[in-house]
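Everything on this sheet refers to the single structure shown next.
The values are calculated or read from the model by the stated rules, or taken from the named source; none is laboratory data. Computed from a prediction, not measured in an experiment: that's the story for all the values here. Reconstructed Cβ throughout: ideal geometry from the backbone, glycine too, with neighbour counts over all protein chains shown. These accessible areas exclude ligands, DNA and RNA; they are computed on the full protein's heavy atoms, side chains included. Shrake-Rupley method; radii C 1.70, N 1.55, O 1.52, S 1.80 Å.
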Amino acid sequence: MIRVAVIDDEPLARSGVIARLATMPDLQVVAEYENGDDALHGIAEIQPELIFIDIDMPGKSGLDVLAELPLHRRPMAILLTAYANFALRAFELNVIDYLLKPIDEDRLLESIERARNALPYRLKSTSSDLEVNYLETLTVRIGNRIVLVSTDDVSWIAADGDYVTLYVGSKQYLLRDPIHKLIQKIDPTKFIRIHRSTIVRIDLVSELRNLNNRDALIRLSDGTPLRVSRTYIDNLLLVLQRVRCCVIT
């Protein structure tokens, strides 16, 4: 569950965002604030993982609030604004995304998906005592046999209904586990979702080519081409820039 706070000096704007978030079962709105000062104190106390925050508010702006929060206490932020002329400072503060008012439904969903994708990395970097036991071996049943597949041997994973296909060298294994559950069980520093139906091992990405429709095409070290949807491209670029494991064109 991602804990969310909504900050906007306009009551209708706050209630509109909260109403939309209420339809998403993995998001819980835990607080709302109408000004930057209240938000600054409330965020420090409640510590939500994600905030939707208006930039243009009386007193402290949304960017001021983010700047005053210590980095290790700064939640993921999606900015709400009527203008798009703040990008440089916003991205210096590591915001997830920004939404122009009036908020488009598709863009809202895209922003939330970015937050979902980024959450494991934020948790890992801001909580040194957070320990999660990710699967190192995947158990695959083949007839009356059980095959143990090391995650270190998996190149990429494709969704197949309530199953996924594990690509291990020249072999393929069918695992009964939906992709949205499996991605939570494997190490996010080793694997990343690039499409609603695809997960790849990060260190095997050797090339990324941007496409005209904001999608992208990656190539693994064995030559396998895979498509990256625009929902996941920003998070993938962030990860690849950190590990510098591929050529980006």
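Computed quantities for the displayed model
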{"read-out": "Solvent exposure ordering (accessible area, 1.4 Å, most first) of Thr23, Thr189", "value": "Thr23, Thr189"}
{"read-out": "1.4 Å probe accessible area per residue over the chain, in Å²", "value": "54 Å²"}
{"read-out": "Accessible surface, 1.4 Å probe, highest first, among residues Val228, Val29", "value": "Val29, Val228"}
{"read-out": "Formal net charge of residues neighbouring Asp97 (Cβ-Cβ distance under 11 Å; K, R +1; D, E -1)", "value": "-1"}
{"read-out": "Eligible aspartates and glutamates near Lys171 by straight Cα distance, threshold 19 Å, same-chain separation 8 or greater", "value": "Glu136, Asp152, Asp153, Asp160, Asp222"}
{"read-out": "Neighbour net charge for Val29 - beta-carbon separation under 13 angstrom, K R +1, D E -1", "value": "-1"}
{"read-out": "At 0.890 mPa s and 25 °C, Stokes D of the chain from Kirkwood alpha-carbon radius, µm² per second", "value": "125 µm²/s"}
{"read-out": "Cα extents of the range 1-75 along the three principal axes, largest first (Å)", "value": "31, 28, 15"}
{"read-out": "On Cα atoms only, tilt of 105-126 relative to the major axis of the chain in degrees", "value": "80 degrees"}
{"read-out": "Alpha-carbon centroid distance for the pair the range 38-81 / the range 169-242, whole angstrom", "value": "31 Å"}
{"read-out": "Crossing angle, helix 11-21 versus the chain [Cα axis fit, 0-90 degrees, rounded to tens]", "value": "10 degrees"}
{"read-out": "Accessible area of the range 141-243 belonging to carbon and sulfur atoms, whole % at 1.4 Å probe", "value": "45 percent"}
